[in-house]
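These notes are about the structure you will find just below.
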Amino acid sequence: MSDVLVLIEQTKGEVKKVSLELLAMAAKVGSPVAVVLGPGADSTSGLLGEHGAKKVYVDSNEIYVNQIVVPTVTALTSVINELKPVAVLVPSSADSKEVAGRLALTCNSGVITDASDISADLSVTQNIFGGATIVTSKVTTGTPIITVRPNSIAPVTGGATAEVIALAVTHESGSTSVTNRVAVAKSGRPDLSEAAIVVSGGRGVASEDGFKNLIEPLADLLGAAVGASRAATDAGWYPHQFQVGQTGKTVSPQLYLASGISGAIQHRAGMQTSKTVVVVNKDPEAPIFDLADFGVVGDLNEVLPDLTARIKARK
């Protein structure tokens, strides 16, 4: 079976969920081979083997911490030249998308971004034009480099012990590096990009207090992440890092609950691959209802507290 290379995103040995999803995606088209880079990489092989990786290439070099993109491209290029994989899968995160572009240029290969599915013949399903159209694409030059959206497939367990291979790469001194980091306060909620449930608020929430008193309690009760439309973040009601949309984060949860969001095309582009969409909006003509699996026409100030109370009563 042909090898499929998977770039694993991890921090100090903590593997991101999307990387485990990519191993499941790789197994659909070949034999998953993981590449793990940076401090903590050498502690991930057991988990990756359990999730289907047949081989794990490991390099714990500190260089990947402050020079994120170029050293990663160098390492991946080295493995590609050795294994000649049929494809390379990377997460659709900001850093990994840049890696994908540079890697495609280095290897003279085609690149496809934001895939939601991959077929055995390496045909790729994408949502384009703000999510208005679903297309099937295929790389025709070189080794396909494909970035995959989070929550496109469920991780699969039941694998065996992976073969661990130390990756020895010579890195040149980079011209750019990270010089400072500012830690973002964590709420204890799931990461927005990887959450199985997202509760989002828009202009209809009307204030910062609306998010605090209506959106967050419901999200916490469901074990969900909180999202927001651009209108809400631009108004200062919720931090920009939680914006869902074309200029924010792309999410594909099992359940997306949109409250007070009209459904502009920019917002829909970031959430319309959600498996189930529930909408609460007082305007029955709101475009967001076009995507809804379930919709409530009503005032969110009445609907959300009632929903929260009903869920709480069932727990």
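Considering (1) over 23 Å from His267 (Cβ atoms); (2) assigned to a helix (DSSP H, G or I); (3) of a type outside the set (S, T, N, Q), the lone condition that Gly204 does not fulfil carries the number (1).
Which of the residues spanning region 271-302 are over 15 Å from Leu222 (Cβ atoms) and either touching a residue at least 40 places away in the same chain (Cβ under 8 Å) or touching a His at 6+ places or on another chain (Cβ under 7 Å) (or both)? First the steps, then the outcome.
So the first thing to find is which residues in region 271-302 are over 15 Å from Leu222 (Cβ atoms), and the list is 271-273, 279, 281-293, 295-302.
Listed by number, the residues that qualify are Met271, Gln272, Thr273, Asn281, Lys282, Leu300, Asn301.
Restricted to region 92-170, the set of strands (runs of 3 or more DSSP E) holding at least 1 residues that are in contact (Cβ under 8 Å) with a residue 24 or more places away in the chain and of a type outside the set (Ser, Thr, Tyr) comprises 111-118, 124-128, 145-148, 163-166. Checking each residue in region 55-81 for being assigned to a loop (DSSP other than H, G, I, E, B) and within 24 Å of the chain's Cα centre (by Cα) picks out Ser60, Gln67, Ile68. Per the conditions (1) more than 17 Å from Leu307 (Cβ to Cβ); (2) at pLDDT 95 or above; (3) surrounded by fewer than 21 Cβ atoms within 10 Å (Cβ to Cβ); (4) of a type in the set (S, T, N, Q), the sole criterion not satisfied by Gln241 is (2). Within region 10-37, the residues that satisfy the criterion of being under 18 Å from Asp121 (Cβ atoms) and not in a helix (DSSP H, G or I) are Lys28, Val29, Gly30, Ser31, Pro32.
Residues checked against (1) assigned by TED's automatic domain parsing to the domain that holds Asp306; (2) of a type outside the set (D, E, K, R); (3) modelled with pLDDT under 95; (4) surrounded by fewer than 18 Cβ atoms within 10 Å (Cβ to Cβ):
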site: Val184; (1), (2), (3), (4): no, yes, yes, yes
site: Gly188; (1), (2), (3), (4): no, yes, yes, yes
site: Asp191; (1), (2), (3), (4): no, no, yes, yes
site: Gly202; (1), (2), (3), (4): yes, yes, no, no
site: Phe211; (1), (2), (3), (4): yes, yes, no, no
site: Ile215; (1), (2), (3), (4): yes, yes, no, no
site: Leu218; (1), (2), (3), (4): yes, yes, no, no
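Among the residues of region 191-248, those identified as closer than 18 Å to Ser93 by Cβ and of a type in the set (Val, Ile, Thr) are Val198, Val244, Thr247.
Say whether the condition of being assigned to a loop (DSSP other than H, G, I, E, B) and out of contact with any Phe, Trp or Tyr (no Cβ under 7 Å at 6 or more places or on another chain) is met by at least one residue in region 224-234.
Yes: region 224-234 contains one or more residues that are assigned to a loop (DSSP other than H, G, I, E, B) and out of contact with any Phe, Trp or Tyr (no Cβ under 7 Å at 6 or more places or on another chain).
The values are calculated or read from the model by the stated rules, or taken from the named source; none is laboratory data. Treat the numbers as computed from the prediction; the structure is a model and nothing was measured. Counting neighbours? That spans all protein chains shown, and the Cβs are built from the backbone with ideal geometry, glycine included.
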